[in-house]
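Enquirer: Below are the structure tokens for one structure; questions will follow.
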Amino acid sequence: MHVMKWLLLVLYLLTFACRLWLRHLNLKHLQQHGHEVPADFAEVVDQKLLAKTTDYTLANSRVGLIESLFGGLLLLVFLFGGLLDWYDNLIKDMTASFIGQGVLFVLGLMLVQTVLDVPFSLYRTFVLEERFQFNTSTPRIWLADLLKSLGIGGLLLSLITAGALALVQVSPDGWWLWVWGFFALVTLLLMYLSPVLIEPLFFKFQPLQKDELAERVKAVMGEAGLRVDRVQQVDASRRSKHSNAYFTGIGRVKRIVLFDTLLEQMSDDEIIGVLAHEAGHWKLGHIWKRLLTMELVSLGVFWLAWQLLDWGGLAGWFGLDTLSFVAQLVLLGFLASLVSFPLTPLSTGLSRRHEWQADRFAVELTGDPLPLARALLKLCKENLSNLHPHPLYAWFYYSHPPVVARIARLCGVQHLR
């Protein structure tokens, strides 16, 4: 069994090395070509913007690399250095309750992860984002967000863990199906409740102040067959200058949320172009298809987890004698990460295909590709998005097609001038 432990360790190190190699490949490509203006973009992208974009991407990647190395080292020590067994026994000494052990186990891990993430979050917010003039947050807002996230996350995690483990207790021979159904129900419930109960704890939502734009949005969405219940704006500028827009809601009633930063950066036509793209995802069934795919994959994962846990030899793979039920779930999560890594391009490839389709839908809906193309260019400029990703890195990780390719396919760069 110890042979399997070393085999898993080698597989993890190979996976980790592959991640680092892809990151290195992308950064090296950026360093070599970051100063080059993409073909036909000379009149819409200048050298100053390229230099700032390159510096921002490199700085972000360096922080990400340090964070990744730190997290990888901790995971190795936790799983292969004996910390998991020690932590599991510590929790067992606190309570004999099956559900209590599980709740304490996951809450402890969440708390440790939150604390370890604090230095990285502080650096990103008040050093990196500040340097590139994105940050508008304050220490008070940052701390309030941290405490709210910790409280809400802890409450939800406790309830979900307790509910799932209760089902395991009630149905030890068929829990995988019941727990899968429970998680699916919780997912749908949170999609309904999060915009109403959770998001307002962090942001202030109000009706869109531009009445004419709100009516245009509802009219365009109506042409797409979508009923928009509310068009709202959110005070995202209190934390960052980054911009975005999104849809929420399930069924026929939708809610559209626009960042106030987006409203400042874009014209009404460009905002309509962005929302027409998002409407394409709904109209073409991308949302429910992704949700259905996720649930079907989850069903298979839960069944396989049930089989492996019922087998009883999982702890032995890691050179351990016995582990609690929830500790074995941590091992299953680790194994799942090894299996899912080489499958990443399948997921990102499907996502990019959906993005192309949504772009095409937006053009057909509005009858004009220019607003969306100009909006993409502005998003790229305002958020300092990398214009020179390595093709292999983009193929492996990018859920959206590179912006240069999207604009070129939409209308050609010459029309943006």
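Enquirer: Taking segment 350-379, which residues are touching a His at 6+ places or on another chain (Cβ under 9 Å) and outside any helix (DSSP H, G or I)?
Expert: Once the filter is applied, which keeps residues that are touching a His at 6+ places or on another chain (Cβ under 9 Å) and outside any helix (DSSP H, G or I), segment 350-379 yields only Pro369.
Enquirer: Right, another one. Being of a type in the set (A, V, I, L, M) and in contact (Cβ under 8 Å) with a residue 24 or more places away in the chain is the filter here, so list the residues in segment 11-38 that pass it.
Expert: As a first pass, look at segment 11-38 and keep what is of a type in the set (A, V, I, L, M): 11, 13-14, 17, 20, 22, 25, 27, 30, 37.
Passing the criteria: Leu11, Leu20, Leu22, Leu25, Leu27, Leu30.
Enquirer: Any idea which of Leu111, Leu104, Leu146, Leu165 is touching a Gly at 6+ places or on another chain (Cβ under 6 Å), touching a residue at least 12 places away in the same chain (Cβ under 8 Å) and surrounded by 13 or more Cβ atoms within 10 Å (Cβ to Cβ)?
Expert: Testing whether each residue is touching a Gly at 6+ places or on another chain (Cβ under 6 Å), touching a residue at least 12 places away in the same chain (Cβ under 8 Å) and surrounded by 13 or more Cβ atoms within 10 Å (Cβ to Cβ) leaves just Leu165.
Enquirer: Sticking with this one: How about segment 219-237: which of its residues are in contact (Cβ under 8 Å) with a residue 40 or more places away in the chain and either under 30 Å from Ile160 (Cβ atoms) or surrounded by 13 or more Cβ atoms within 10 Å (Cβ to Cβ) (or both)?
Expert: Selection gives Val220, Met221, Ala224, Leu226, Ser237.
Let's see how each residue does on (1) among the β-branched types (Val, Ile, Thr); (2) in contact (Cβ under 8 Å) with a residue 24 or more places away in the chain; (3) under 30 Å from Tyr393 (Cβ atoms); (4) surrounded by 16 or more Cβ atoms within 10 Å (Cβ to Cβ):
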site: Leu292; (1), (2), (3), (4): no, no, yes, no
site: Val301; (1), (2), (3), (4): yes, yes, yes, yes
site: Gly312; (1), (2), (3), (4): no, no, no, no
site: Trp317; (1), (2), (3), (4): no, yes, no, yes
site: Ala327; (1), (2), (3), (4): no, yes, no, yes
site: Gly333; (1), (2), (3), (4): no, no, yes, no
site: Ala358; (1), (2), (3), (4): no, yes, yes, yes
site: Thr366; (1), (2), (3), (4): yes, yes, no, yes
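Enquirer: Sticking with this one: With the requirement that a residue be touching a Phe, Trp or Tyr at 6+ places or on another chain (Cβ under 6 Å) and either at pLDDT 95 or above or buried (at least 17 other Cβ atoms within 10 Å of the Cβ) (or both), what does segment 1-24 give you?
Expert: Thr15, Leu22
Enquirer: Which residues, taken from segment 373-383, are buried (at least 21 other Cβ atoms within 10 Å of the Cβ) and more than 21 Å from Cys411 (Cα to Cα)?
Expert: The answer is none; no residue qualifies.
Enquirer: If you take the residues of segment 204-218 that are under 26 Å from the mean Cα position of the chain (by Cα) and not polar (S, T, N, Q), which of them is surrounded by the most Cβ atoms within 10 Å (Cβ to Cβ)?
Expert: The first filter runs over segment 204-218 and keeps only residues under 26 Å from the mean Cα position of the chain (by Cα), leaving 204-206.
The next check asks that each one be not polar (S, T, N, Q); those that pass are 204-205.
Numbers: Lys204: 12, Phe205: 15.
Out of the qualifying residues, it is Phe205.
Enquirer: Restricting attention to segment 114-143, and to residues there that are among the acidic types (Asp, Glu) and free of Cβ contacts under 8 Å to residues at least 12 places away in the same chain, which single residue is nearest to Thr161 (Cα to Cα)?
Expert: Asp117
Enquirer: Then there is this: Within segment 366-376, is there a residue that is more than 30 Å from Asp46 (Cβ to Cβ) and of a type in the set (S, T, N, Q)? Quick ask: steps written out before the conclusion?
Expert: If we filter segment 366-376 for residues that are more than 30 Å from Asp46 (Cβ to Cβ), which is where we start, we get 367.
Narrowing further to those that are of a type in the set (S, T, N, Q): none.
No.
Enquirer: If you don't mind, there's one more thing I want to ask. Tell me which of these Trp86 doesn't satisfy, since it passes every other one: (1) under 23 Å from Leu147 (Cα atoms); (2) aromatic (Phe, Trp, Tyr); (3) exposed (fewer than 15 other Cβ atoms within 10 Å of the Cβ).
Expert: (1)
The values are calculated or read from the model by the stated rules, or taken from the named source; none is laboratory data. Bear in mind that the values here come from a model prediction, so they are computed numbers and not experimental data. Please note: Cβ atoms are built from the backbone with ideal geometry, for glycine as well, and neighbour counts cover all protein chains shown.
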